[in-house]
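Peer 1: Mind looking over this structure? Questions follow.
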Amino acid sequence: MNMDENQMIFGELPTNPLLIVISGPSGIGKDAVVGLLRKTNLDTHFVITMNSRAPRPDEVEGVDYFFVSREEFEEKIANDDLIEYARVYSDYKGIPKSQVKEAFASGKDVIMRLDVQGAMTIRKLCPDAILIFLTASSREEWINRLLERRSETPEELELRLCVAAKEYGMIDQFDYLVVNSDKHLDQTISDIQAIIKAEHLKTHPRKVDL
């Protein structure tokens with residue numbers, strides 16, 4: 001078999017920056033997963049979501065979220081400053097456009113932490129985004145995590161269970177399913193890193209246009 005020397009490839013193929021969405025139901029451990037990924041992916045930009053609710057006691061402004069008032073958030077909606085946004089329960093969450101565009105311009109992959117509703121919006125806007133759905137090893141494990149947070153009233157907890165049932169019905173809209181089991185966070189991180197590595201090695205890489 002003859003091959004033109006100009007067609008021969010040595011080393012890795014050049015690839016485009018990836019847009020990776022870490023998603024899953026409330027209490028599944030998205031924050032913990034993204035927090036550890038931050039420590040292991042130094043060349044990746046981690047989007048900080050904007051949120052209109054009050055911060056929880058263990059949350060840090062500019063690290064976990066950018067917290068703004070509902071009025072400020074609605075002003076950004078009016079100015080088209082967000083890639084996506086959604087009203088979740090009684091609050092707004094959204095992604096500023098500037099963060100992603102600046103990261104892509106510097107050649108960095110971008111990781112977003114989004115609820116399932118937000119992930120579905122990104123799927124429509126950016127079909128080549130990589131959507132990863134996190135799940136627990138069992139229903140009991142997941143419910144225990146929600147209870148341990150102690151941040152929801154019984155009524156709010158019941159609502160989250162109902163919403164999660166619908167979210168699990170959307171798994172087939174995601175590219176990958178990763179089990180985030182208690183005491184095995186390192187394995188979760190390894191699985192996500194393997195996904196990102198494999199995507200960069202594709203001969204037909206994804207290309208996200210914003």
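Peer 1: Considering every residue within the stretch 148-169, establish whether at least one is in a strand (DSSP E or B) and in contact with a Ser or Thr (Cβ under 9 Å, 6 or more places away or on another chain).
Peer 2: The answer is no, given that none of the residues of the stretch 148-169 is in a strand (DSSP E or B) and in contact with a Ser or Thr (Cβ under 9 Å, 6 or more places away or on another chain).
Peer 1: Tell me whether the stretch 70-79 contains one or more residues that are exposed (fewer than 13 other Cβ atoms within 10 Å of the Cβ), under 18 Å from the mean Cα position of the chain (by Cα) and at pLDDT below 95.
Peer 2: no
Peer 1: Among all residue pairs at least 6 apart or on different chains, which show Cβ distances below 7 Å where the first residue, located in the stretch 85-106, is closer than 18 Å to GLU75 by Cα and modelled with pLDDT under 85 and the second is in a helix (DSSP H, G or I) and of a type outside the set (D, E, K, R)?
Peer 2: Every condition considered, the pairs that remain are ALA86/GLN117; ALA86/GLY118; ALA86/THR121; VAL88/GLN117.
Peer 1: While we're looking at this one, here's another question. List every residue pair whose Cβ atoms lie under 7 Å apart, where the two residues are 6 or more positions apart in sequence or sit on different chains, the first residue falls within the stretch 17-37 and is on the phi < 0 side of the Ramachandran plot, and the second residue, located anywhere, is part of a loop (DSSP other than H, G, I, E, B) and aliphatic (A, V, I, L, M).
Peer 2: Cβ pairs passing all conditions: LEU19/ALA129; LEU19/VAL208; VAL21/LEU114; VAL21/ALA129; SER23/LEU114; ILE28/ALA136.
Peer 1: Can you find even one residue in the stretch 59-66 that is surrounded by 10 or more Cβ atoms within 10 Å (Cβ to Cβ), of a type in the set (Gly, Ala, Ser) and outside any helix (DSSP H, G or I)?
Peer 2: no
Peer 1: When the residues of the stretch 123-174 are filtered to those that are among the polar types (S, T, N, Q) and either over 30 Å from ILE196 (Cβ atoms) or at pLDDT below 90 (or both), which remaining residue is surrounded by the fewest Cβ atoms within 10 Å (Cβ to Cβ)?
Peer 2: THR153
Peer 1: Please state which of the following conditions ILE132 fails to meet, knowing it meets all the rest: (1) in contact with a Gly (Cβ under 8 Å, 6 or more places away or on another chain); (2) outside any helix (DSSP H, G or I).
Peer 2: (1)
Peer 1: Checking the condition within 22 Å of PHE67 (Cβ to Cβ), within 18 Å of the chain's Cα centre (by Cα) and surrounded by fewer than 17 Cβ atoms within 10 Å (Cβ to Cβ), which residue from LYS93, LYS97 passes?
Peer 2: Unique residue meeting the criteria: LYS97.
Peer 1: Considering each of VAL110, VAL116 in turn, give the residue that is in contact with a His (Cβ under 6 Å, 6 or more places away or on another chain) and among the β-branched types (Val, Ile, Thr).
Peer 2: Every option except VAL110 fails the conditions.
Peer 1: Under the condition of being touching a Phe, Trp or Tyr at 6+ places or on another chain (Cβ under 6 Å) and not hydrophobic (A, V, I, L, M, F, W, C), which residue from the stretch 37-58 is surrounded by the most Cβ atoms within 10 Å (Cβ to Cβ)?
Peer 2: SER52
Peer 1: Given the structure, is MET120 crowded, with 17+ Cβ neighbours inside 10 Å, free of Cβ contacts under 8 Å to residues at least 60 places away in the same chain and of a type in the set (A, V, I, L, M, F, W, C)?
Peer 2: yes
Peer 1: While we're on this one: Would it be correct to say that ASP182 is surrounded by 14 or more Cβ atoms within 10 Å (Cβ to Cβ) and of a type in the set (Asp, Glu)?
Peer 2: It is false that ASP182 is surrounded by 14 or more Cβ atoms within 10 Å (Cβ to Cβ) and of a type in the set (Asp, Glu).
Peer 1: Where residues in the stretch 13-33 are in contact with a strand residue (DSSP E or B) (Cβ under 8 Å, 6 or more places away or on another chain) and aliphatic (A, V, I, L, M), which of them is farthest from ARG113 (Cα to Cα)?
Peer 2: Selected residue: LEU18.
Peer 1: Out of the residues in the stretch 194-210 that are surrounded by 17 or more Cβ atoms within 10 Å (Cβ to Cβ) and in contact with a helix residue (DSSP H, G or I) (Cβ under 8 Å, 6 or more places away or on another chain), which is nearest to ALA105 (Cα to Cα)?
Peer 2: Among them, the one singled out is VAL208.
The values are calculated or read from the model by the stated rules, or taken from the named source; none is laboratory data. Since the structure is predicted, the reported quantities are computational estimates derived from the model, not experimental observations. Backbone-built Cβ (ideal geometry, glycine too); neighbour counts: all protein chains shown.
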